[in-house]
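Nothing in this text is a laboratory measurement; each read-out follows from the coordinates by a stated rule. Remember, predicted model here, so these are calculated numbers, not experimental data. Here the Cβ is made from the backbone with ideal geometry for all residues, glycine too, and neighbour counts use every protein chain on show.
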Amino acid sequence: MSPLPKNTKKKLPVPDEHVGYLLRNLVHGLRQATETAFRQAGLELSMTHLGTLFRIYTDPGLPGAQLAKKLYITAQSMNEVLKTLEDGALVERQPHPDNQRAHRWFITDAGFDKLMSSGEYSNSVFEQMQSQLSKEEKVQFIDLLKRCIAGLNAAD
């Protein structure tokens, strides 16, 4: 094991007390647990697929570039996700009225059914994640997360 650099004047926070490290572990653990629950239920769905279906359901007609931005993934990755969902008949594209190069995306009945059936499994994982929180803390947790996201979005 190599020693710490000699020019270190400041101490770094312990990883288990660093917000970035904790959030990364939370997201990673949530993704793994949710995708495991989906696999065990026979749902061929990733967290990215779930998020995309959910966003298209709540904001029908968004172009792929806007979906990518809202889901914090690259446009290239979003194109791959949309192709997979389209191949599975879970979403459909329609021409964009103002941009010949863009498409608007909509959830299909099969996509809605998949979204609804996945909710049973993802919600149980989300409840497990929050099992150590009181009802009031759950509300506060959601508020704090929204405010953190708003803080990042304000920097854009």
- Query: Over what distance in Å are the Cα centres of segment 52-79 and segment 100-156 separated?
  - Reply: 14 Å
- Note on the structure: Ranked from fewest to most other Cβ atoms within 10 Å of their own Cβ, HIS18, HIS96 fall in the order HIS18, HIS96
- Message: What does the charge count around GLN66 come to, taking other residues whose C-beta lies under 10 Å from its C-beta (Lys +1, Arg +1, Asp -1, Glu -1)?
- Response: +3
- Query: Helix 75-87 versus the longest principal axis of the chain: what angle, 0 to 90°, nearest 10, using Cα atoms?
  - Reply: 50 degrees
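Which entries in the list LYS70/LYS146; LYS10/LYS146; LYS11/LYS138; LYS69/LYS146 go over 24 Å, if you measure between the two C-alpha atoms of each?
On the way: LYS70/LYS146 14 Å; LYS10/LYS146 31 Å; LYS11/LYS138 32 Å; LYS69/LYS146 17 Å.
Beyond 24 Å: LYS10/LYS146; LYS11/LYS138.
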- Obtain the nm distance between the two label points defined at ASP59 and SER46 by a simple spin-label model: each point lies 7 Å from its Cα along the Cα-to-C-beta direction. 2.0 nm
- Query: Among LEU23, LEU45, LEU115, whose mean-square fluctuation peaks in a Gaussian network model of the chain (Cα, cutoff 10 Å)?
  - Reply: LEU23
- Task: Work out the length of the dipole vector of the chain about its Cα centre, built from +1 on the beta-carbon of each Lys and Arg and -1 on the beta-carbon of each Asp and Glu, and round it to the nearest 20 debye.
- Result: 880 debye
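What is the magnitude of the charge dipole of segment 30-121 about its Cα centre, with +1 placed on the Cβ of each Lys and Arg, -1 on the Cβ of each Asp and Glu, and no other charges, expressed in debye to the nearest 20?
Details: 10 positive and 11 negative charges, 70 e Å.
Here segment 30-121 has a charge dipole of around 340 debye.
Ranked highest first by the average count of other Cβ atoms within 10 Å around their residues, in what order do 106-112, 51-57 fall?
Values: 106-112: 16.3, 51-57: 20.1.
My ranking of the peptides, most packed first, is 51-57, 106-112.
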- Note on the structure: In terms of the charge dipole of the chain, which places +1 on Lys and Arg and -1 on Asp and Glu at the beta carbon, the residue among TYR57, LEU23, LEU12 farthest towards the positive end is LEU12
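Give me the net charge of GLN140's neighbourhood, meaning all other residues with Cβ under 15 Å from the Cβ of GLN140; Lys, Arg count +1, Asp, Glu -1.
Values: positive: LYS135, LYS138, LYS146, ARG147; negative: GLU136, GLU137, ASP143.
After counting each charged neighbour, the total is +1.
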- Item | Rounded if a/c under 1.5, otherwise prolate or oblate - segment 50-156, Cα gyration tensor axes | oblate
